[in-house]
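Only one structure is covered here, and it is reproduced in the block below.
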Amino acid sequence: MTADLIYIFSWWSVLFLIGIIFLPLTTKIFANFFDRGYIFSKILGMLIVSYAVFLLGTLKILPFTQITIITVITGITILCVKVTPWSRWNLLKASWKIFLLEETLFLTALFFWAFIRGFEPSIHGLEKYMDFGFVNSILRADYFPAKDLWLSPFGINYYYFGHVVTAVLTKLSGINSVITFNLMIATLFAFTFTGAFSIGYNLIAQIKLNAKRYTPYAIIGGLLTAFLVTLAGNLHTIYAFFSSYNPDSPVPFWQLSLNLNLSGYWYPNATRFIPFTIHEFPLYSFVVSDLHGHVLDIPFVLLTIALLLNILISKSLNIFRLLLLAFLLAVMYMTNAWDGIIYAGLTGLVFLYLAYRSSNYTLYAIRYMLIIVGSILFSLPFSLNFKPFVSAIGIVRDQSPLYMLVILWGFFYFFVISFAVFIFRKVNAKRSMLYASDIFVIILMILSTLLIIIPEFFYAKDIYPAHYRANTMFKLGYQAFIMLSIATGYIIIKISNHWKLVVFAIGSIGLLLVSIYSFFAVNSYYGGLKNYQGLNGIGYLKNLYPTDYEAILWLRETVFGQPVLLEAAGDSYTDYARVSANTGLPTVIGWPVHEWLWRGTYEVAAPRIADVETIYESPDINLTKQLLKKYNRKSYL
């Protein structure tokens, strides 16, 4: 436990330093936010430093080393100090209370989820081998793109910028990746909580610009928003109060008998309720802790939402904000490709409103096109080495049953409809104007609704025929959940004084149901929090594969660069390819189906499966040598 505390504090210190360096810049960007965008200084700094290192490595200017990272940070620090007037530093002093509050929330959230991870820290199961392998491969790389650990000698064909960020923080902190994998999960949790808090706080605070008494409401709204985005689930928990059902054939809960089934409730069912689809949300991601693109991108998503809110509030859009928006869209595309498209849509809706208010559609159309072109240019170092997975757009023939959609989204839309009625009455009675916060929340509601509707009619084709719309619903629904959570936190505070008893009762029951999901999920995955194991993510190998564990440690400590090793090929989501994943050393073929997805064809992976089998089993030594030579001059294992 003591060692883990040192790791956490050291990791936090790195993030705190990055945040302080970028704080003057962030406070200028978020001058209209009551917290001056404090928490986003860490995210923006982490992002800019990682992109600069990635760009230098892609252009083969500087290798990916700790010295390069420190050089980049030093250069940026000097620049920030020189261009920041003393008046801005004085402004920072005036905001120290909210800064302290958000830093306390961040540190608490970081320690909290790192503590939770300590009860099951294993980098094992689901797609953790893939994510850990990407990070380890990047850590071994001199330049970018990094090598695909499961298809030597090709580069990674995946939106892996978030893994680059993880590797940058790992090198900078000097902490082993077996620890930083779990620290990064805890960091993403902390960024999600505090980023959502900042957005919720500022949405509420905009309502009463000059009323100090409104600050408690803003804090409550921020905390509620943070909770919904980070720790809430959906209404599927109602099934905990009924008898169990077959997850492959879900039925409406009212067709089941009442039965308090708290111990038998299986939390993953809330993310696979509609058959052959995926509809995850942040809490589930944090619980299962795959360091995947959609999770790694959450801080950048929240930064983008905050920036768009700030632009709408200030109605100011200078060249710097245009460039920053373009940069963020590019980074989101490089981290989780769908998000770049989704938030280009949110940007478009915000610009459409601003164009309407100013009656200058041409100007905003030009600005929007500049952002899109800029995002393409910023993502070019990545895009030149990346081939998208999507092959075409398909038509969905069987829509989801209405009751399933209500289970997944009913909680949010209860408040969305309540808010719509409230706004309609207010505008119709001409009692008061709409605040910028109201407009922004309405825009979030509109886009979220589109993201939920689209997978009911269209899907992006990939290699999975049975689960043909799973990824489409997953990636669109994930962002809808985040945006609807932000909207709902605001709505609850906004209309709380206007609730009727029935509305209050229904809303409270819904809030209770989505809140208890965290209890089921954490309690189940982490064994009731009874056996703290620490943050070492590969410690489980000591018992499961003790000889492999020793070999992996030897390879990690002794072998430098990325020579190719040989290990058996096997199915995805299994323990095959564990040596390459845990070392970052490329192999001939790891998880073939994943490579099939990433390459869009099975023709690359298929021959290698047979070759690996031949190398291991053929009695013909000459054939074996020939195949070894084919894949590399040097092999291990």
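Have a look at Phe144, Phe106, Phe154 and point out the one that is at negative phi, out of contact with any strand residue (DSSP E or B) (no Cβ under 7 Å at 6 or more places or on another chain), buried (at least 20 other Cβ atoms within 10 Å of the Cβ) and modelled with pLDDT under 95. Even if it seems obvious, please write down each step before you answer.
Numbers: Phe106 fails: modelled with pLDDT under 95; Phe154 fails: buried (at least 20 other Cβ atoms within 10 Å of the Cβ).
Result: Phe144 is the single residue among Phe144, Phe106, Phe154 that is at negative phi, out of contact with any strand residue (DSSP E or B) (no Cβ under 7 Å at 6 or more places or on another chain), buried (at least 20 other Cβ atoms within 10 Å of the Cβ) and modelled with pLDDT under 95.
Okay, residues lined up against (1) of a type in the set (Ser, Thr, Tyr); (2) more than 26 Å from Ala218 (Cα to Cα); (3) in contact (Cβ under 8 Å) with a residue 60 or more places away in the chain:
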residue: Ala436; (1), (2), (3): no, no, yes
residue: Lys461; (1), (2), (3): no, yes, yes
residue: Arg469; (1), (2), (3): no, yes, yes
residue: Gly489; (1), (2), (3): no, no, yes
residue: Asn497; (1), (2), (3): no, no, no
residue: Val502; (1), (2), (3): no, no, no
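Of all residues in segment 496-532 being in a loop (DSSP other than H, G, I, E, B) and in contact with a helix residue (DSSP H, G or I) (Cβ under 9 Å, 6 or more places away or on another chain), which is nearest to Glu120 (Cα to Cα)?
Out of the qualifying residues, it is Tyr526.
Only one of these is in a loop (DSSP other than H, G, I, E, B), modelled with pLDDT under 95 and within 30 Å of the chain's Cα centre (by Cα): Gly233, Gly264. Name it.
When all the criteria are applied, what remains is Gly264.
Being in contact (Cβ under 8 Å) with a residue 40 or more places away in the chain, part of a helix (DSSP H, G or I) and over 25 Å from the mean Cα position of the chain (by Cα) narrows it down to one of Arg367, Arg321, so name that one.
Numbers: Arg321 fails: over 25 Å from the mean Cα position of the chain (by Cα).
Selected residue: Arg367, the only one of Arg367, Arg321 that is in contact (Cβ under 8 Å) with a residue 40 or more places away in the chain, part of a helix (DSSP H, G or I) and over 25 Å from the mean Cα position of the chain (by Cα).
Residues checked against (1) within 30 Å of Leu322 (Cβ to Cβ); (2) modelled with pLDDT of 90 or more; (3) touching a Gly at 6+ places or on another chain (Cβ under 7 Å):
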| position | (1), (2), (3) |
| --- | --- |
| Met369 | yes, yes, no |
| Asn385 | yes, yes, yes |
| Val390 | yes, no, no |
| Arg397 | no, no, no |
| Gly410 | no, yes, no |
| Arg431 | no, no, no |
| Ser437 | yes, yes, no |
| Arg469 | no, yes, no |
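If you check Tyr549, Tyr540, which single one turns out to be at pLDDT 95 or above and touching a His at 6+ places or on another chain (Cβ under 9 Å)?
Sole residue among the options that is at pLDDT 95 or above and touching a His at 6+ places or on another chain (Cβ under 9 Å): Tyr540.
When you go through (1) more than 27 Å from Trp113 (Cα to Cα); (2) in contact with a Pro (Cβ under 6 Å, 6 or more places away or on another chain); (3) hydrophobic (A, V, I, L, M, F, W, C) one by one for Leu555, which number turns out not to apply?
For Leu555, the failing item is (2).
Can you tell me which condition Val251 does not meet? The list is (1) among the aliphatic types (A, V, I, L, M); (2) farther than 16 Å from Ile29 by Cβ; (3) buried (at least 21 other Cβ atoms within 10 Å of the Cβ), and all the others hold.
Checking Val251 against (1) among the aliphatic types (A, V, I, L, M); (2) farther than 16 Å from Ile29 by Cβ; (3) buried (at least 21 other Cβ atoms within 10 Å of the Cβ), the one that fails is (3).
Taking the condition more than 27 Å from Leu529 (Cβ to Cβ), out of contact with any Phe, Trp or Tyr (no Cβ under 6 Å at 6 or more places or on another chain), of a type in the set (Phe, Trp, Tyr) and part of a helix (DSSP H, G or I), does Phe112 pass?
no
Suppose we filter Ala581, Ala551, Ala569 for residues that are under 30 Å from Pro388 (Cα atoms), small (Gly, Ala, Ser) and part of a helix (DSSP H, G or I); which single one remains? Show your work before the answer.
Details: Ala551 fails: under 30 Å from Pro388 (Cα atoms); Ala569 fails: part of a helix (DSSP H, G or I).
When all the criteria are applied, what remains is Ala581.
Checking Ile20 against (1) outside any helix (DSSP H, G or I); (2) surrounded by fewer than 21 Cβ atoms within 10 Å (Cβ to Cβ); (3) at pLDDT below 95, which single condition isn't satisfied?
Condition (1) is where Ile20 drops out.
More than 22 Å from Tyr158 (Cβ to Cβ), in contact with a Lys or Arg (Cβ under 7 Å, 6 or more places away or on another chain) and either modelled with pLDDT of 95 or more or of a type in the set (A, V, I, L, M) (or both) - does that describe any residue in segment 292-302?
No, because not a single residue in segment 292-302 is more than 22 Å from Tyr158 (Cβ to Cβ), in contact with a Lys or Arg (Cβ under 7 Å, 6 or more places away or on another chain) and either modelled with pLDDT of 95 or more or of a type in the set (A, V, I, L, M) (or both).
Just the residues that are of a type in the set (Gly, Ala, Ser) and at pLDDT 95 or above, please, taken from segment 303-329.
Those that are of a type in the set (Gly, Ala, Ser) and at pLDDT 95 or above: Ala306, Ala326.
Residues in segment 570-607 that are farther than 15 Å from Ser152 by Cβ and surrounded by fewer than 23 Cβ atoms within 10 Å (Cβ to Cβ): how many?
Residues in segment 570-607 being farther than 15 Å from Ser152 by Cβ and surrounded by fewer than 23 Cβ atoms within 10 Å (Cβ to Cβ): 15 in total.
Kindly check whether there is at least one residue in segment 393-415 that is in the same structural domain as Phe276 (by TED's automatic domain parsing), farther than 26 Å from Gln206 by Cα, assigned to a helix (DSSP H, G or I) and not hydrophobic (A, V, I, L, M, F, W, C).
Within segment 393-415 (the criterion being in the same structural domain as Phe276 (by TED's automatic domain parsing), farther than 26 Å from Gln206 by Cα, assigned to a helix (DSSP H, G or I) and not hydrophobic (A, V, I, L, M, F, W, C)), the answer is yes, since at least one residue qualifies.
Read through the list (1) under 15 Å from His279 (Cα atoms); (2) part of a loop (DSSP other than H, G, I, E, B), then give the number of the only condition that Phe474 fails.
Exception for Phe474: condition (2).
Give me the pairs: first residue in segment 175-192 and over 14 Å from Val295 (Cα atoms) and outside any helix (DSSP H, G or I), second residue among the polar types (S, T, N, Q) and modelled with pLDDT of 95 or more, beta-carbon distance under 7 Å, and six or more apart or on different chains, which are they?
Filtered contacts from segment 175-192: Ile175/Ser10.
Restricting attention to segment 245-261, report how many residues are under 26 Å from Glu456 (Cβ atoms) and either in a loop (DSSP other than H, G, I, E, B) or touching an Asp or Glu at 6+ places or on another chain (Cβ under 9 Å) (or both). Let's see the steps before the verdict.
Narrowing segment 245-261 to residues under 26 Å from Glu456 (Cβ atoms): 245-256.
Those still in the list that are either in a loop (DSSP other than H, G, I, E, B) or touching an Asp or Glu at 6+ places or on another chain (Cβ under 9 Å) (or both) too: 245-252, 256.
Number of matching residues: 9.
The values are calculated or read from the model by the stated rules, or taken from the named source; none is laboratory data. Nothing here was measured: the structure is a model prediction, and the numbers come from that model. Please note: Cβ atoms are built from the backbone with ideal geometry, for glycine as well, and neighbour counts cover all protein chains shown.
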